[in-house]
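Encoded as structure tokens, the structure appears first; notes follow it.
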Amino acid sequence: MSRVNPFDAIYAQINSMSADEKMANLPDFPKALDVELTNTCNFKCLMCPVGTRVQKRKPGFMSEEVYNRVLAEAAAHGTPLRFILWGEPTMHTNWISYLKRAKDKGLIVHFNTNGSLLDTEQMQQLVDLGVDSIKFSFQGVDTKSYREMRNIDYYEKLLDKVEELYTVRGDKAAPYIHVSTTITYETTDQIKTFQKRVGKITDKVTIGRTELGRFDVSSAKLSNAEKQTLEMLKENESLVKKHPSCCPEVYDKLSVHWDGVVSACCRDFNDVMVVGNVQETPLAEIWKSEKLLSFRKELAKGNFDKFPLCKICFDYQSLQTPGLQGIK
């Protein structure tokens, strides 16, 4: 069966216009909402502000009250939900219930996961709910490179989880299964071996370059051995540092953190580009706020250096510049 990720059409539309065109055709409401069920994680990945404990935000889990506000507005506008951002969503006690309620409203639903907490019963529930797409997040392309970046020996077990979901889904149309990874020093042969192996148990494989410049290594709360590994990885970083041609965040999406804080940026792990809070202001009003408009105007001019997050934001997956990162 040939499967289609319903989000692909959304992404294609988001990436099809220039900043000026988007400014002139701004929708009344975001085309997608990124929802952070929690900013906590059971992994301690070396490329992540959560794993390295440089995140300063208070850890927590999205409440019913906050989720109800997000869901009500998303449902009113038919806006897809992506359960992603800075934590592992499956750590939230009610994560499946939250996904179910979104599907019951007829919304397109996606979530990212490290896969470690998924069990067979939950996989079957996701299939039965018709969750539209799931992305399994790797780093590296084999046991060694995964272990270095993710700081845990889980590579083979994660492959087993992906294969199990693929089997549980069977001939059902959903969920669309996506495996995504990034690399630093890995060779072309290693990449091809990974693609060949994973391609048999998933609908899509994407590979980008790992970003390691989001925080100062000296500020990371890591052991000496972990810091040495991170330093080695930074020395081998192969990311082509090109800003996205047109930021999809400020023109197309909003990111809602677990406590209701709304950010203009999906990479905002410390609330530095906050534009509102759903507990105080409806998302529809935040979307049309002067503060968010000011971000749009500056980024449309290419003034990335005006904002600390935009200054270090790069097209690491070649989402907007085909072939940029040199991986096919």
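The values are calculated or read from the model by the stated rules, or taken from the named source; none is laboratory data. Because the structure is predicted, anything quoted here is derived from the model rather than measured. Cβ placement follows ideal geometry from the backbone for every residue including glycine, while neighbour counts extend to all protein chains displayed. Accessible surface is based on the protein model in full, side chains and every heavy atom, while ligands, DNA and RNA are left aside. Shrake-Rupley method; radii C 1.70, N 1.55, O 1.52, S 1.80 Å.
In table form, for the structure just shown:
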| read-out | value |
| --- | --- |
| Enumeration of residues in region 52-85 that are closer than 19 Å to residue 116 by Cβ, part of a loop (DSSP other than H, G, I, E, B) and touching a helix residue (DSSP H, G or I) at 6+ places or on another chain (Cβ under 8 Å) | 52 |
| Region 285-301: number of residues that are without any contact (Cβ under 8 Å) to a residue 12 or more places away in the chain and open to solvent by less than 60 Å² (accessible area, probe 1.4 Å) | 3 |
| Looking only at region 212-241, and only at residues there that are open to solvent by 60 Å² or more (accessible area, probe 1.4 Å) and touching a Phe, Trp or Tyr at 6+ places or on another chain (Cβ under 7 Å), the one that is modelled with the highest pLDDT | 236 |
| Residue match in region 252-273 (condition: touching a strand residue (DSSP E or B) at 6+ places or on another chain (Cβ under 7 Å) and closer than 13 Å to residue 47 by Cα) | no |
| From 6, 49, residue being modelled with pLDDT under 95 and within 16 Å of residue 266 (Cα to Cα) | 49 |
| Some residue of region 71-87 being of a type in the set (Lys, Arg) and more than 21 Å from residue 262 (Cα to Cα) | no |
| Test result for residue 253, among the basic types (Lys, Arg) and in contact with a Pro (Cβ under 6 Å, 6 or more places away or on another chain) | yes |
| Within region 86-188, helices (runs of 4 or more DSSP H) holding 3 or more residues that are touching a helix residue (DSSP H, G or I) at 6+ places or on another chain (Cβ under 9 Å) and under 27 Å from residue 61 (Cα atoms) | 95-104, 120-129, 155-169 |
| Hits in region 1-39 - residues which are part of a helix (DSSP H, G or I) and β-branched (Val, Ile, Thr) | 10, 14 |
| Checking residue 313 against (1) modelled with pLDDT under 85; (2) surrounded by fewer than 20 Cβ atoms within 10 Å (Cβ to Cβ), the condition it does not meet | (2) |
| Qualifying residues in region 99-152 (those that are closer than 27 Å to residue 75 by Cα and among the charged types (D, E, K, R)) - the one most open to solvent (accessible area, probe 1.4 Å) | 105 |
| Number of positions in region 9-29 that are more than 12 Å from residue 251 (Cβ to Cβ) and in contact with a Ser or Thr (Cβ under 9 Å, 6 or more places away or on another chain) | 1 |
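Residue-by-condition table, conditions (1) closer than 16 Å to residue 51 by Cβ; (2) of a type in the set (Asp, Glu):
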| site | (1), (2) |
| --- | --- |
| 164 | no, yes |
| 171 | no, yes |
| 175 | no, no |
| 186 | no, yes |
| 192 | no, no |
| 196 | no, no |
| 208 | no, no |
| 229 | yes, no |
